[in-house]
Amino acid sequence: MAYVEVDCPASVKKQLAKVFEESLRTTVPDEPDVVPSIDPCAANKAGVKFADYQCNNAMGLFAKMKGKQTGFKGPQAVGQAIRNNLPQSEMIESCSVAGPGFVNIVLSKKWIAQRLERLLIDGIDKWAPQLGVKTVLVDFSSPNIAKEMHVGHLRSTIIGDTLARMFEFSRVETLIRRNHLGDWGTQFGMLIAHLFDTYPNPEDFTEAAIGDLQAFYKASKVRFDNDPEFKLRAQQSVVQLQSGEEKYHNAWQQICDISKAEFEKVYQRLGVLLEARGESYYNDLIPPTLERLDKLGLIEEDDGARVIFVEGANIPIIAVKRDGGFNYSSTDLAALWYRLNVENVEWNIYVTDVGQWQHFDMVFKAFRRAGWLPNDENEFPKCTHVGFGLVLGEDGKRFRTRSSETVRLVELLDEAKRRCKASLLERDAVKDWSEEEIEKTAEAVGYGAVKYADLRINRLTNYTFSFDQMLNDKGNTAVYLQYAHARICSIMRKSGKDIEEIKKNGNIVLDHEDERALGLHLIQFPEVFEESLTNLLPNVLCEYLYNLTEIFTKKFYTNCQVVGSPEETSRLLLCEATVTVMRQCFHLLGIEPVYRL
C-alpha cells in the first residue's frame, strides 16, 4: 500500500513511462487515460534476465477494447504496435515483444554510463524525489521517564529514525522528529514521595547521587505496593504535583532532567536526533480539546466515564475517566489537535508496536468524525500508524535476560560493541591501528549490525534477535556490507589515483556484462528509494543495498580487474559510483560506514 505520491524524475521507471505514454497515445487514441505499466524484469530460475524493464499494458488494453473495431487480433498485436510506435529515445537500446504482448526493454549501456557520470558530478541529492507535502512529523522512540530504555524501544527508535532520514533526503521543508516522552501520570506521586524520604534536602538529589534511576523507580514501586501509609502520601503527592505546587513541580523536573540525560546518551550512541516533548506539555490543552469535541456532539456519558464512540470499534475512547481524571487517550487527542492546528503538520506518523494500532485508529476516526481530518485517508492533512512486530529471543519468546527481565538497551549496545572489538583484535590488519580507531570501528560495525538486523526485516513481522547472526560477516548482514565497502575503499587507495580528477576527465564504459549489471543496479536506486518511502518500508532499501553488494562482490569484483587493467579509469569511476550509493543507503539506515577493516 502506497501512503503518498512522490515526484521522482530520476526514476528510470518514470522516465520510461514518459516514453511509453507517447506510444500509447498513438497506439490507442480512444483510450486517453491509460497509465503506462512499467516494471523491472526479474531473472528466471536460471538467473537469466532477457531484458531490463517490461511494459505490461497490452493484455489489459486488449481486454478493455474487446468487441470494438480496433483492428487488433490479440494482445501480442497490441504489444507490437506499442513497440512500433515508440518515439526515438537515447534511453532504449532495443525492444522486443514476448508472450501475450509484453514489451521487453533493454536500456542503452551508453545512457546508463552517462547517468552514472552525472551522478558523480552532480551528487546523489539530484536523485532525491520531491514529496507533495511540506511538514511531516515522525513520532518515535517515546520512552517513559524514570524507566530505562530497553529492547522494546529499539524498533521504534531505529525504524523512526530511518523514516525521518528518508523524509529528510526527500527535501521535506519542515521535518519534526518528535519524542513523545511519558513524563506524566500517577507513578510520579510515588517517585516524588520516595525522593523526599530518601533526600530530605532537595539539593542532594543529583544524577551522581541517585545513580540508577531504574533501581530508584523499583524501590519506590515496592514501597507503594507494600506500605499503605507511603501509598497514601504518594497519592497526595500526585494531587500536589498536578495543582502546581512548586516543591513538587521542582522534584518532578529533576527526575525528568536526569532521565532525559540518560536517554540522550543512548541516542548519541545510535546517532539519533530527537526533539523531546512530553505528555505534560499537553495538560492545559486537554480540557479545551475535549470541550470542542463535546460541542460537536462526539462525547457521551457511559458508565460514569465520558467517552467517544467510533465506527468499527467495539469499545469507545475513554476521554475522561470515572474519577474525572485524564489518561493517555486524552493526551493523544490534545496532542494531535495541537499538531494539526498549531504546528500545521500535514502528515503525522506514529511509529509504535502493532498492538497500539487500534488505539491510534480510533483517535484518527474520532478526528474524522469531528471534521478535523479528511474522510479520505489519502488526503492531507493525514495520520498514519507505522506498526512493527516484537523482538524475540532465540527461544521464540519475547527477548529477555536469563532472569526474565527486559533487556536494557545500553547493555545490548555494549555487548554488540564488545563482540565486534574482540573480532577486530583477532585480525592481523588492525595491529597498526590506534585504540581510538579500533573503538570507533567496533562501535560503527556493532551498532550498525543491530540496526540493520532490525531494518532488513519487514517491520510488520516479529524478528529474532541473535548476536551471532547479525555479527556474521557472511550473508545479509551489516558486517558483510561494511566489509564490501571497506574493500572498495581499499581498491581505490591502491590505485593511487585522484578520484576527483578522474571524475572531471574520465568516462565510464560498460562493455563487460558485469560492469553493465552493476551500472544498471546503481541507476535503479531512485525508484527503489521511492518504493521504500511511499510504503514506509525500510526493508525495501536494505534489500537493494544487499543486492548491490552482491553484484559488486560476486560479479564485478570477481570478473573485472580494476587496478592495472586497461579499463582502470572507467572501473575506478564505477567503484566511486558504488560507494556513493552505498554511503547514501548507510546514511538513510543510520549506519556509519567504515573505510578499512
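The values are calculated or read from the model by the stated rules, or taken from the named source; none is laboratory data. All values reported here derive from a predicted model rather than from experimental measurement. Please note: Cβ atoms are built from the backbone with ideal geometry, for glycine as well, and neighbour counts cover all protein chains shown. Heads up: the accessible areas ignore ligands, DNA and RNA and are worked out on the full protein's heavy atoms, side chains in. Shrake-Rupley method; radii C 1.70, N 1.55, O 1.52, S 1.80 Å.
Overview of values
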| item | result |
| --- | --- |
| From K126, K66, residue being open to solvent by 10 Å² or more (accessible area, probe 1.4 Å) and either at pLDDT 95 or above or of a type in the set (V, I, T) (or both) | K126 |
| From the options L16, L86, L116, L107, residue that is of a type outside the set (F, W, Y) and touching a Pro at 6+ places or on another chain (Cβ under 8 Å) | L16 |
| Residue in segment 48-59 that is part of a helix (DSSP H, G or I), open to solvent by less than 40 Å² (accessible area, probe 1.4 Å) and of a type in the set (G, A, S) present | yes |
| Wholly enclosed helices (runs of 4 or more DSSP H) of segment 353-470 bearing at least 1 residues over 24 Å from L270 (Cα atoms) and basic (K, R) | 357-369 |
| Considering residues of segment 321-339 that are more than 25 Å from R178 (Cβ to Cβ) and touching a residue at least 12 places away in the same chain (Cβ under 8 Å) only, the residue least open to solvent (accessible area, probe 1.4 Å) | K321 |
| Leading residue by the ranking (most open to solvent (accessible area, probe 1.4 Å)) among those in segment 214-241 that are under 39 Å from the mean Cα position of the chain (by Cα) and touching a residue at least 40 places away in the same chain (Cβ under 8 Å) | Q214 |
| Count - residues of segment 98-123 that are open to solvent by 30 Å² or more (accessible area, probe 1.4 Å) and in contact with a helix residue (DSSP H, G or I) (Cβ under 9 Å, 6 or more places away or on another chain) | 9 |
| Hits in segment 151-193 - residues which are more than 23 Å from Y282 (Cβ to Cβ) and among the small types (G, A, S) | G152, S170, A193 |
| Which listed residue, of A313, A319, is at pLDDT below 95, out of contact with any Cys (no Cβ under 7 Å at 6 or more places or on another chain) and over 22 Å from F140 (Cα atoms) | A313 |
| Flag if I317 is in contact with a Pro (Cβ under 7 Å, 6 or more places away or on another chain) and in contact (Cβ under 8 Å) with a residue 40 or more places away in the chain | no |
| Residue that is part of a helix (DSSP H, G or I), within 26 Å of the chain's Cα centre (by Cα) and modelled with pLDDT of 95 or more, where the choices are Y282, Y267 | Y267 |
| Criterion violated by N507 - all others in (1) open to solvent by less than 30 Å² (accessible area, probe 1.4 Å); (2) over 25 Å from A17 (Cα atoms); (3) of a type outside the set (A, V, I, L, M, F, W, C) satisfied | (1) |
| Unique residue being within 20 Å of T578 (Cα to Cα) and loosely packed, with under 14 Cβ neighbours inside 10 Å when the list is E543, E513 | E513 |
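Yes or no, residue by residue, for (1) charged (D, E, K, R); (2) on the phi > 0 side of the Ramachandran plot:
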{"residue": "I488", "(1), (2)": "no, no"}
{"residue": "D498", "(1), (2)": "yes, no"}
{"residue": "G506", "(1), (2)": "no, no"}
{"residue": "L520", "(1), (2)": "no, no"}
{"residue": "I523", "(1), (2)": "no, no"}
{"residue": "V528", "(1), (2)": "no, no"}
{"residue": "G564", "(1), (2)": "no, yes"}
{"residue": "E576", "(1), (2)": "yes, no"}
